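A short worksheet on the structure shown next.
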Amino acid sequence: MPGTASPLRDVEGTIFDLDQTAIHDGPGVRMNVYLKGCPLRCIWCHSPESQSFRPEVVWYEAKCTRCGQCVPACPEGVRSFDVVDEDAAARCRLCGACVSVCPSGALEIKGQQTTAGELLDEALRLKPFFRRTGGGVTLTGGEPTAQPEFSLAVAGLCGEAGIHMAMETCGFVEWRVLSRLTKVVDLFLFDVKHVAAGLHQQYTGVSNRRILSNLRRLAETGADVIARVPLIPSMNDDAETVGAMGRRIMELGVLRVSLLPFNPATRGKYSWLRRHAPIAGATQQSLEHVAMLQQIVADEGLEVVPP
Ligand code: SF4
Ligand code: SF4
């Protein structure tokens, strides 16, 4: 609570966004906290600005007048009008010179330090909306479990204040971390991206073994869990693959699933980082196709819930 002296209030974390009126990622109106950094590199990632654990400069193409002032202003030679490679981006020392010199507001440093106490105070301000709508706070990202002490602190403080806590996770985390989070998180939104081990490795950069094991262990604790499947065109959105995912999710002891249609609009975010957008030609699945996939997982015995 504001004014109380819980040491959890001082726990620091890095976030890249805060949405106080979200209507997804959990029930009711929510305050979504976007934590920076993720151990996965999904080739369809819809928030590439979340991947790096450190803050980074983003560029808004629509605001840029191509005046060129930011290019010589950068002491590290990072800024250019071309795609920026990883080596160049790594040289950025976040001095902010490019942001200061830009006359158009086209540059911004994404990623800021905050404390669990500051987020609690914001959540308490919104608590009447949460109460009226059955909402609360959702930790998302990026990957919340990759900043475990911060996530535990935010969830612990909000829980003490009677605020519903949801957390989205890719599940790629040591069980001992997830286990601690079960004590303070009311609802887990747990991503299942593919059940075929080789394809999961190819698409995300990591094995799904630990992820599926964690999902099973989470279900065994009795935690409230919704499995979430991001539908990626030609990668996991065919009937056979979704059916296999539905069966596996049921076998692991989870009873609810959300299917998330692909969102091509987020591709523009790759230009923020001057990176090439992956799977450039992919489009959103039709409503009919998503409905057909929902029926398939429902036939497997799962309850289908909205994203
Ligand atoms: S923040 Fe500094 S180092 Fe980074 S791109 Fe801008 S001017 Fe260059
Ligand atoms: S200073 Fe700003 S407006 Fe000018 S080129 Fe750089 S980003 Fe674009």
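The values are calculated or read from the model by the stated rules, or taken from the named source; none is laboratory data. On a predicted model such as this, the values are computed, not experimentally measured, just so you know. Neighbour counts are summed over all protein chains in view; Cβ atoms, including those assigned to glycine, are modelled from backbone coordinates with ideal geometry. The protein model used for the area step is the full one, side chains on, heavy atoms only, and it has no ligands, DNA or RNA in it. Shrake-Rupley method; radii C 1.70, N 1.55, O 1.52, S 1.80 Å.
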Q: Return the carbon/sulfur percentage of the accessible area of the chain, one whole number, probe 1.4 Å, all protein chains in place.
A: 53
Q: Could you list the square roots of 5 times each eigenvalue of the Cα gyration tensor of region 94-185, that is, the equivalent ellipsoid semi-axes, sorted largest first and rounded to whole Å?
A: 29, 19, 11
(Q) With Kirkwood's inverse mean 1/r over C-alpha pairs for Rh, give me the Rg to Rh ratio of region 235-307, two decimals please. (A) 1.08
Q.
As an exercise, take the mean of 1/r over every pair of distinct alpha carbons in region 56-110, invert it, and state the Kirkwood radius in angstroms.
A. 11.2
Q | Dipole axis of the chain (+1 Lys, Arg; -1 Asp, Glu on Cβ), positive-most option in LEU120, PRO39, ALA22 | A | LEU120
Q: Starting from the Cα of GLN113, step 7 Å along the direction of its Cβ; do the same at ILE279; then give the gap between the two resulting points in nm.
A: 3.7
Q: Taking the dipole about the Cα centre of region 56-110, with the C-beta of Lys and Arg at +1 and of Asp and Glu at -1, give me whichever of ALA73, CYS92, SER104 is farthest to the positive side.
A: SER104
Q) Under a point-charge model restricted to the Cβ atoms of Lys and Arg (+1) and Asp and Glu (-1), what is the dipole moment magnitude of region 56-110 relative to its Cα centre, in debye to the nearest 20? A) 260
(Q) Under a Cβ-only charge scheme (Lys and Arg +1, Asp and Glu -1), can you give me the dipole magnitude of the chain about the Cα centre, in debye to the nearest 20? (A) 300
Q.
Quick check: Cα centre of region 65-79 to Cα centre of region 203-269, how many Å?
A. 42
Q. Plugging the Kirkwood radius over Cα pairs into Stokes-Einstein for the chain, at a temperature of 37 °C and a viscosity of 0.692 mPa s, what D comes out in µm²/s?
A. 160
Q: Give the dimensionless ratio obtained when the Cα radius of gyration of region 164-277 is divided by 2.2 N^0.38 Å.
A: 1.12
Q) What value, in deg cm²/dmol to 500, does the helix sum -39500 (n - 2.57) over DSSP H runs of n ≥ 4 give at 222 nm once divided by the residues of the chain? A) -9500 deg cm²/dmol
Q) Using the per-residue mean of other Cβ atoms lying within 10 Å as a proxy for protection, in what order, highest first, do the peptides 170-176, 150-156, 59-65 fall? A) 150-156, 170-176, 59-65
Q | Listed residues LEU187, HIS276, GLN147: farthest to the positive end of the dipole of the chain (Cβ charges) | A | GLN147
Q | Cβ crowding within 10 Å averaged over residues, with 44-56, 87-99, 5-17 ranked highest first | A | 44-56, 5-17, 87-99
Q) Can you pull the Kirkwood radius for region 1-63, inverse mean 1/r over Cα pairs, to one decimal in Å? A) 14.5
Q) Averaged per residue, what accessible area in Å² does the chain show with a 1.4 Å probe, protein chains only? A) 46
